[in-house]
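Only the coordinates and a few stated rules stand behind these numbers; no lab work does. Remember, it's a predicted structure, so these values are computed and weren't measured experimentally.
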Amino acid sequence: MPIQTPALKLICSSCGWSKVLPPMGDVRFQGQEPDKFPVCGCEQLNHVKPNIAEKMLVSIKAKP
């Protein structure tokens, strides 16, 4: 039985940029989440658990 991946929040360690990725299927494939921030080029992105408000917003935006 597939288990949906949880929402994920990425935070740039140098500039503070953040992005919440919605839950996706049961697997995250390469390229679905950025490996570096496109503006500052920092490759050190911290993965944290988003709070409930961020989860709700990203799930609303992800619905067609």
remark   = In nanometres, the difference between 0.36 nm per residue of separation and the alpha-carbon distance of Lys19 and Asn46 is 8.7 nm
remark   = Listed by chain and number, the lysines with an alpha carbon less than 20 angstrom from that of Lys61, same-chain partners under 8 positions apart left out, are Lys9, Lys19, Lys49
